[in-house]
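Here's the structure we're looking at; comments come further down.
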Amino acid sequence: MRLTVSILVLAATGLLSGCHALREDTCFDKQPYHGAQPGTPLHAVDGLAPPNNKNALKIPDNVAPAPNRTAAQGCLDKPPSFVVEKAKPAAAK
């Protein structure tokens, strides 16, 4: 009975952990949204009221490219580490 429970716990742990260790960082690859182009605004067919485009999302025209991040800086979509390194004592003079 204990062996069965142990096997089930190990299997559940493996399934819940997923394949995180096998996954590669893809934040440095070109993403599909990088090539977004503005589309034509919506037009209503005859007999319907036109849509309210007042708050429509617009892609800005002249946007400076974001600076490239290094692997040491990590991806912006990953949370920062909550581990704070302790300060090293100053060297004695």
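Every number in this text was worked out from the coordinates using simple rules, so none of it is lab data. Quantities reported herein were computed from a predicted structural model and do not represent experimental measurements. Cβ sites come from the backbone with ideal geometry, for glycine too, and all protein chains shown count toward neighbours.
Could you work out how much longer the chain between L15 and A71 gets when fully extended? Use 0.36 nm per residue separation minus the Cα distance between them, nm to one decimal. Could the numbers behind the result be given before it?
Numbers: separation 56, 0.36 × 56 = 20.16 nm, distance 2.82 nm.
Working it through step by step, the gained length comes to 17.3 nm.
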Whole-angstrom Cα spans of the chain along principal axes, big to small: 71, 64, 22
Roughly how tilted is helix 2-17, in degrees to the nearest 10 and between 0 and 90, from the longest Cα axis of the chain? 40
Obtain the nm distance between the two label points defined at D61 and M1 by a simple spin-label model: each point lies 7 Å from its Cα along the Cα-to-C-beta direction. 7.6
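For D29 and S81 in the same chain, what is the full-extension length gain: residue separation times 0.36 nm, less their Cα-Cα distance, in nm? Please report the intermediate quantities before stating the final value.
Numbers: separation 52, 0.36 × 52 = 18.72 nm, distance 2.26 nm.
Extra length from D29 to S81 when fully extended: 16.5 nm.
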Per residue of the chain, what 222 nm ellipticity follows from adding -39500 (n - 2.57) for every DSSP H run with n ≥ 4, rounded to the nearest 500? -5500 deg cm²/dmol
Label N53 and Q37 with points 7 Å out from Cα along Cα→Cβ: what is the distance between them in nm? 1.7
For the chain, give the magnitude of the charge dipole about the Cα centre (Cβ charges: +1 Lys/Arg, -1 Asp/Glu; no others), in debye to the nearest 20. 580
Projected onto the charge dipole of region 27-93 (+1 at Lys/Arg Cβ, -1 at Asp/Glu Cβ, origin at the Cα centre), which of A49, V83, G39 gives the Cα projection farthest towards the positive end? V83
